[in-house]
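Right, one structure below, let's go through it.
Taken together, the values in this text are just the output of simple stated rules run on the coordinates, not laboratory data. Since this is a predicted model, take the numbers as computed values, not measurements. Don't worry about glycine lacking a Cβ; one is built from the backbone with ideal geometry, like all the others, and counts go over all protein chains shown.
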């Protein structure tokens, strides 16, 4: 009887460790500079956000953006229906970060699980895009304005890197994509900005 109980305890411990390992691998990272929609939800600045308020780091979807990845209209949620509130343009009323087009800017990511990284890419909406319509690839400039290669390295818990912002004016959205080297996924972070 003791052997059976001991084996059951060991089995439960292994299952528990496996569950914990799986749980930690499902949380990853987001941008907080410029502040992303998921961070605005997590810090309570924006309400009625659903599950993303507790999981701002979990906006994971297929990599390969913009050729593949999340479907149009579901880019900010990474294609995750549980985070659909991030795709709701709210009539163009998301709070914005003030930026100066054509100037150097430091982007910052926060990570809860660090992964081997291919790169970070930043896309911005075209002039004349409609901030009250769902975000599509057609609304974004076709090429990223900044690409930061990361050579399959793991980032630290907080990572900053700088680049020159595009010369834009008015309200726009920046889509930051963190591409993971050793999985089929990437992480998506949308920031509403005012140039």
- Task: For the chain, find the longest principal axis of its Cα atoms and tell me its angle to the long axis of helix 2-25, 0 to 90°, nearest 10.
- Result: 10 degrees
- Item | the chain: most fluctuating residue of 80, 48, 152 per GNM, C-alpha cutoff 10 Å | 48
- Item | Three-way shape label, the stretch 28-194, alpha-carbon gyration tensor, a/c 1.5 | rounded
- Rank these for me by crowding, 187, 145, 65, going from fewest to most other beta carbons within 10 Å. 145, 65, 187
- Note on the structure: Expected sort for 54, 178 with the fewest Cβ neighbours (10 Å cutoff) up front is 54, 178
- For the chain, what relative contact order do you get, as a whole percent, if you take Cα pairs closer than 8 Å and at least 6 residues apart? 27 percent
- Message: Which residue fluctuates most in the GNM of the chain (Cα springs below 10 Å): 42, 67, 139?
- Response: 67
- Query: Roughly how many nanometres apart are two label points built 7 Å out from the Cα toward the Cβ at residue 142 and residue 112?
  - Reply: 3.8 nm
